[in-house]
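Visitor: Just dropping this structure here.
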Amino acid sequence: MSAPVLSKDEIRRLKSFWEAGMPRLQIAREMGLTVAELLRAVRHPHVKLPPRAESAVVETPKAKPALKSVVPPVARVVAAPPVAEVVSAPVAHPNWSVEQEAAIRASEGRYAEIGKLADAWGIPSTRIIAHWHVLRRQA
């Protein structure tokens, strides 16, 4: 990107704004430039500007502290959820008999054993594997 070409009148205006200590953003707006274009023009060798006036250094205002809440926080008491009863006897899944679930648990997820069960029961091994993971999670 090259610096914008400024006429002699524009350079004179820029110098007057610059010497007056006008903020860069305001100078850019007055001249119809972006701040980036203005800064490129200022650095151009044909544009010789004097040092900035002291008023050009503008301190940014400090952020205001957050407002404190007028309402004090209220402690909330939440009741603990009821404890579920522990069922010791295995409950059969509606699609699986207790014996089938026992055989799946006994396979311990080994694919060879699951493959044998799938052949014996005539169902896909993926279905048995999926149910194995359900049973494993319950244990």
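Visitor: Using a cut-off of 13 Å between beta-carbons, work out the net charge of the residues near residue 136 (Lys and Arg +1, Asp and Glu -1, residue 136 not included).
Guide: Result for the local shell: +1.
Visitor: Show me 122-128, 75-81, 46-52, 99-105 ranked by packing, highest mean number of other Cβ atoms within 10 Å first.
Guide: Per-residue mean Cβ counts within 10 Å order the peptides as 99-105, 122-128, 46-52, 75-81.
Visitor: How far apart, in nanometres, would the label points at residue 97 and residue 19 be if each is projected 7 angstrom from Cα along the Cα-to-Cβ direction?
Guide: For residue 97 paired with residue 19, the spin-label model returns 10.5 nm.
Visitor: How many nm is it between the label spots at residue 39 and residue 133, if each spot is 7 Å from the Cα in line with the beta carbon?
Guide: Between residue 39 and residue 133, the simple spin-label model gives 5.4 nm.
Visitor: Which whole-Hz ³J(HN,Hα) couplings does the stretch 104-111 yield from phi under the Karplus relation 6.51 cos²θ - 1.76 cosθ + 1.60, θ = phi - 60°, glycine and proline marked x?
Guide: Once rounded to whole Hz, the list reads 5, 4, 5, 5, 6, x, 6, 5.
Visitor: Using alpha-carbon positions, what is the distance between the centroids of the stretch 98-126 and the stretch 9-44, in Å?
Guide: After rounding, the separation between the Cα centres reads 81 Å.
Every number in this text was worked out from the coordinates using simple rules, so none of it is lab data. This one's a predicted model, so the numbers in the text were calculated from it and none came from an experiment. Note: ideal-geometry Cβ built from the backbone for every residue, glycine included; neighbour counts use all protein chains shown.
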